[in-house]
Amino acid sequence: MKSSVITFPGSNCDRDMDVALKKFGFKNKMVWHNDVELPKSDLVVLPGGFSYGDYLRCGSMASKSKIMKSVINFANSGGMVMGICNGFQILVETGLVPGVLLRNKYLEFICKNVFVKIKNKQNTYFKNIDNEVLEFHIAHNEGNYFCTKDQLKEIEDNEQVAINYCNKDGKTEEQFNPNGSIENIAGIFNKEKNILGMMPHPERMIDSSLSGEDGSLFFNNLINNLK
Amino acid sequence: MIVNEQVAIDHGLKKDEYAKICELLKRTPNITELGIFSAMWNEHCSYKSSRLHLKKLPTKGKQVIQGPGENAGVVDIGDNDAIVFKIESHNHPSFIEPYQGAATGVGGIMRDVFTMGARPIANLNSIHFGSPQHKKTKNLLRGVVHGIGGYGNCMGVPTIAGQTNFDSSYNGNILVNAMTLGLVKKDKIFYSKAAGLNKPVIYVGSKTGRDGIHGASMASASFDEKIEEKKPTVQVGDPFTEKLLLEACLELMAGDSIIAIQDMGAAGLTSSSIEMASKGNLGIEINLNKVPCREAKMTPYEIMLSESQERMLIVLESGKEEQAKKIFDKWNLDFAVIGKTTKSKKIELFFDNEQVADIPVNTLVENSPMYDRKWKKVKLPKKNKIKKENLKNLKITDVLKKILANPNVCSKEWIWQQYDHTVMGDTIQKPGGDSGVVRVHGTNKAVAASVDSSAVYCWAHPLTGGKQVVCESFRNLISVGAKPVAITNCLNFGSPENEENMGEFVECVQGIGEAAKYLKFPVVSGNVSFYNQTKDEGIKPTPSIGGVGLIKDYKKMITMDFKEIDNIVLVIGKTEGHIDQSLFARNILDEKNGPPPEINLFNEKNNGETLLKLIDDGHIKSAHDVSIGGIITAVSKMCIKGNKGINLKKPKYLINEIEYFFAEDQGRYVIEVKKDNLKKVTDVLNKNAVHFDELGTINEDQLFINDKTKVSIDELRTSNTNWLTNYMSK
């Protein structure tokens, strides 16, 4: 399986994602934001970081960079595109997934392990995962997902919610919401479910010596589903 | 502007220093030259009060590749890998403008590390604030934490450990010390020594603005009531540009076109160009019209003294300019050839086709002032006689809960959760333990780092305090299973012109030196911050020690959380019941006098090395050094982290329970071993003449003391975790 990770100026989880993808069997290529053409890929990843310093609005300038035209075409033709953290913010700015990401409710950067409940398994990302709840890791300042009532209804009608913040037993109550996201949303799909944007970093959970191993589970499952 | 003695004094120079400048130049300097002298001769850049004493520190060792004198120290960790590290203060600016002050402190120290060719792999910090009740403390704390996070998080470098203290002596002068570790191949280390004639001098990075002018001079003076007016001397950081600069520099460094490289930190273009010239015994000629400027009509004076951030100066091999420029273009950074190396051994500056400065380099560096300041020796205070009946009425669990909730003991999770501590995917021990630990990417090795200070001990007796901080750093590394390699120090003191403060400095440095020498734990880098003083009131002497250690097989790393019910808990090292200057004495008994606990370097080394061997042999399940709050505080933290309880038994000693559990004797560790391994462990301890006491057995969720008193771990956790969150949310 071939994957591509886009590096924007200010990306800082690009290497971590490269390490993770390779560990689970992807042949990964790093793609520079100023390139025009996307290499042949089964998966494109927009990594975490502070693209363009998060100036103007997180993800806003990156969404207009050269390579994004190809990424958008690729996504619109059904290609698998995953945006993690800043990558999610970029996806939102392109309009490939609905909604916006606001500053965290308590106005502070948060770096910690969280639990997420898988809301929809009818897609290439989460199909065949036995667990209902995964332990992931978040590290962000602007992860407070928000959308209008109409948008929320549409998202729910189309089953576009991917994961919700919860406790270890899968309870998705407000107290387990780290950043104020509407309906505890931690990740969403486009209508067709080939595009996934999420705040948690599965690439930081790929080794028992790190924060945990549910990222390994996620990537192993993903590559098997893609095969 | 006409330069005279008064203008020189306004620049922070002393009368005799100005006279010396005129004598060295054999004429009156012009304003640009005076600015350059004031920047190079201030305390912050010249170390004029400290140089004499810093020379006494041990700086060499088997693993030391580079000691003090470069941008950062470098140690060998085997397999052609080396760690570059340094700690630096950004105290004065952080008090004036906490967010930018702290942020640029972090940015500056990272630049010092990647200037040497190393990719930063971990950040740490030691921050000190005034009393929690002081009206400024909360905002300063919030601003500093946001600033540290704002810069480090954006750079994508994990902040893996740190230390936060509160004490009223910092009410008017907070401390922000930032430390960075970088990883480099031994044969790809870059230095700041210029070489060769007519080599192009290149400016890269951000444009030069009017921010931070006289920053280094501001940091070389005490504060007074006009401190708010000094805001313009604080630099403004842009971590995004620094991230680009990091990547661009490392890309350029992969080739072989760089002769010398130096970041523009304190005193900006002035100190970077002069240091490169001085080390290479060369001259440098700069055309200031070529310097990329952010604002129009900047004068030579402003350009030379600006402390705008995210800039580097490079001496390049001739003919490599185009190739280098391509890299900086790719990263959207300025790149300008601004001058060349010369044989004149002078700094020659030109602006609008006129020469605006012409100064021999040696007058700025070798001939800079050095003072043997007067200092007063501090006597060891007499011991307090603590009345035993005062202790009788105390309920041990109440005291414990109070101590766990003390601002200097409580959990700092509110702080470190705001720092990205997991980016780069190699953090195997997060903040909140004895040391932060990161793997050396792609290898089985890991590097541990910790930062410590003990201002209370240093204040009570600087010599003992100085030794203690080094020992504490040593212990924190050993507690995670790392072999201590070397240290970096950040020496925060009051005014050197005050004999008492100078005495504290001299004796702390002596203590640091003695301990570092005995423990073979050399000092490879550091900085001095004097004038942490508002009017006549200085801070408690606060040397911060950043220790670095190596774990050869990261799977052998130890954490402090208790692991398994029924395991046995021991304390290594002898408990004599030293209560003076303990957290217990100061905060529960309100007794602020007396000597700090004594340091026995033999025991320190022997206990530490023996424990390290036990860890290496796989006999230790968890470990934690005993520091402020004594044995019971250490044990409680291990319980809280591991979500386990313990049946504590006080061994039969002459001292009472309170003294045994809250004393702050040194050289001690709490360790957890399996029952089956107990004999093996105690045999090794006995064989090495290491004193130990058996403390008890791990249970499910309660802390029992001698079977009588009990308290639930949940209750202790609440005491420990709530204070800071509540304080910050009020």
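Among the residues making up the stretch B:299-353, none is surrounded by 19 or more Cβ atoms within 10 Å (Cβ to Cβ), in contact with a Phe, Trp or Tyr (Cβ under 9 Å, 6 or more places away or on another chain) and of a type in the set (Ser, Thr, Tyr). Residues being out of contact with any strand residue (DSSP E or B) (no Cβ under 8 Å at 6 or more places or on another chain), over 30 Å from residue B:528 (Cα atoms) and not charged (D, E, K, R) are represented in the stretch B:348-355 by at least one member. Can you find even one residue in the stretch B:183-203 that is within 14 Å of chain A (Cβ to nearest Cβ) and not in a loop (DSSP other than H, G, I, E, B)? For the stretch B:183-203, residues within 14 Å of chain A (Cβ to nearest Cβ) and not in a loop (DSSP other than H, G, I, E, B): present. Residue check: residue B:433 meets all listed conditions (1) under 21 Å from residue B:629 (Cα atoms); (2) within 11 Å of another protein chain (Cβ to nearest Cβ); (3) not charged (D, E, K, R) but one, namely (2).
Here's the yes/no breakdown for (1) surrounded by fewer than 24 Cβ atoms within 10 Å (Cβ to Cβ); (2) touching a residue at least 40 places away in the same chain (Cβ under 8 Å); (3) not acidic (Asp, Glu):
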residue	(1), (2), (3)
B:355	yes, no, yes
B:392	yes, no, yes
B:396	yes, yes, yes
B:421	no, yes, yes
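Checked across the stretch A:135-150, the condition of being assigned to a helix (DSSP H, G or I), more than 14 Å from every other protein chain (Cβ to nearest Cβ) and not β-branched (Val, Ile, Thr) holds for at least one residue.
Taking (1) more than 14 Å from chain A (Cβ to nearest Cβ); (2) over 18 Å from residue B:41 (Cβ atoms); (3) within 32 Å of the chain's Cα centre (by Cα); (4) crowded, with 16+ Cβ neighbours inside 10 Å in turn, residue B:269 satisfies each apart from (2). Among the candidates B:466, B:511, B:442, which residue alone is surrounded by fewer than 24 Cβ atoms within 10 Å (Cβ to Cβ) and either outside any strand (DSSP E or B) or in contact with a Ser or Thr (Cβ under 6 Å, 6 or more places away or on another chain) (or both)? So the residue among B:466, B:511, B:442 that is surrounded by fewer than 24 Cβ atoms within 10 Å (Cβ to Cβ) and either outside any strand (DSSP E or B) or in contact with a Ser or Thr (Cβ under 6 Å, 6 or more places away or on another chain) (or both) is B:442. If the condition is being surrounded by 13 or more Cβ atoms within 10 Å (Cβ to Cβ) and out of contact with any Cys (no Cβ under 7 Å at 6 or more places or on another chain), then the stretch B:15-28 contributes B:17, B:18, B:19, B:20, B:21, B:22, B:24, B:25.
Please specify each residue of the stretch A:54-81 satisfying the condition of being among the hydroxyl-bearing types (Ser, Thr, Tyr), surrounded by fewer than 19 Cβ atoms within 10 Å (Cβ to Cβ) and within 14 Å of chain B (Cβ to nearest Cβ). Listed by number, the residues that qualify are A:55, A:60. So, in the stretch B:241-254, of the ones that are under 26 Å from the mean Cα position of the chain (by Cα) and surrounded by 20 or more Cβ atoms within 10 Å (Cβ to Cβ), which residue ends up farthest from the other protein chains (Cβ to nearest Cβ)? Per the criteria, the residue is B:249. Looking only at residues in the stretch A:207-219 that are over 16 Å from the mean Cα position of the chain (by Cα) and either more than 14 Å from chain B (Cβ to nearest Cβ) or in contact (Cβ under 8 Å) with a residue 24 or more places away in the chain (or both), the one that is surrounded by the fewest Cβ atoms within 10 Å (Cβ to Cβ) is A:212.
Just one of the listed residues (B:184, B:201, B:145) is touching a residue at least 40 places away in the same chain (Cβ under 8 Å), surrounded by 23 or more Cβ atoms within 10 Å (Cβ to Cβ), within 30 Å of residue B:493 (Cβ to Cβ) and aliphatic (A, V, I, L, M), and it is B:145. Take the residues in the stretch A:167-195 that are within 17 Å of residue A:131 (Cβ to Cβ) and in contact (Cβ under 8 Å) with a residue 12 or more places away in the chain, then tell me which one is nearest to the other protein chains (Cβ to nearest Cβ). Restricting to residues being within 17 Å of residue A:131 (Cβ to Cβ) and in contact (Cβ under 8 Å) with a residue 12 or more places away in the chain, the top hit is A:168. Report every pair of residues separated by at least 6 positions or lying on different chains whose Cβ atoms are under 8 Å apart, first residue within the stretch A:1-25 and of a type in the set (A, V, I, L, M), second modelled with pLDDT under 95. What qualifies is A:1/A:227. Taking the conditions exactly as written (at pLDDT 95 or above, part of a helix (DSSP H, G or I) and crowded, with 16+ Cβ neighbours inside 10 Å), does residue B:400 satisfy them or not? Here the answer is yes, as residue B:400 does meet what is asked. Of the helices (runs of 4 or more DSSP H) lying entirely inside the stretch B:573-686, those containing at least 2 residues that are at pLDDT below 95 span B:657-662.
Residues of the stretch A:197-215 that are closer than 17 Å to residue A:131 by Cβ and aliphatic (A, V, I, L, M): A:198, A:205, A:206. Scanning the stretch B:550-573 for residues that are surrounded by fewer than 17 Cβ atoms within 10 Å (Cβ to Cβ) and within 14 Å of another protein chain (Cβ to nearest Cβ) yields a total of 2. Scoring residue A:51 on the criteria (1) farther than 27 Å from residue B:245 by Cα; (2) within 14 Å of chain B (Cβ to nearest Cβ) leaves a single failure, condition (1). Within the stretch A:32-48, the set of residues being within 14 Å of another protein chain (Cβ to nearest Cβ) and surrounded by 22 or more Cβ atoms within 10 Å (Cβ to Cβ) comprises A:47, A:48. Considering (1) part of a strand (DSSP E or B); (2) within 20 Å of residue B:46 (Cα to Cα); (3) not β-branched (Val, Ile, Thr), the lone condition that residue B:495 does not fulfil carries the number (1). Scanning for something within 14 Å of chain A (Cβ to nearest Cβ) and either within 19 Å of the chain's Cα centre (by Cα) or more than 26 Å from residue B:102 (Cα to Cα) (or both), does the stretch B:395-409 turn up at least one residue? The answer is no, given that none of the residues of the stretch B:395-409 is within 14 Å of chain A (Cβ to nearest Cβ) and either within 19 Å of the chain's Cα centre (by Cα) or more than 26 Å from residue B:102 (Cα to Cα) (or both).
A quick yes/no check of all residues on (1) of a type outside the set (Phe, Trp, Tyr); (2) over 30 Å from residue B:578 (Cα atoms); (3) under 27 Å from the mean Cα position of the chain (by Cα); (4) modelled with pLDDT of 90 or more:
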{"site": "B:355", "(1), (2), (3), (4)": "yes, yes, no, yes"}
{"site": "B:362", "(1), (2), (3), (4)": "yes, yes, no, yes"}
{"site": "B:371", "(1), (2), (3), (4)": "no, yes, yes, yes"}
{"site": "B:384", "(1), (2), (3), (4)": "yes, no, no, no"}
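Restricting B:389, B:348 to residues that are outside any loop (DSSP other than H, G, I, E, B) and either of a type in the set (Ser, Thr, Tyr) or over 22 Å from residue B:293 (Cβ atoms) (or both) narrows the list to B:389.
No other residue among B:307, B:275, B:322 is assigned to a loop (DSSP other than H, G, I, E, B) and either more than 14 Å from chain A (Cβ to nearest Cβ) or touching a Ser or Thr at 6+ places or on another chain (Cβ under 8 Å) (or both) apart from B:307. Identify the single condition in (1) among the charged types (D, E, K, R); (2) more than 14 Å from every other protein chain (Cβ to nearest Cβ); (3) touching a helix residue (DSSP H, G or I) at 6+ places or on another chain (Cβ under 7 Å) that residue A:132 does not satisfy, given that it satisfies every other one. So residue A:132 meets the others, but not (3).
The values are calculated or read from the model by the stated rules, or taken from the named source; none is laboratory data. In this text, all values refer to a predicted model and were calculated from it rather than measured experimentally. Positions of Cβ are backbone-derived with ideal geometry, glycine not excepted, and every protein chain shown enters the neighbour counts.
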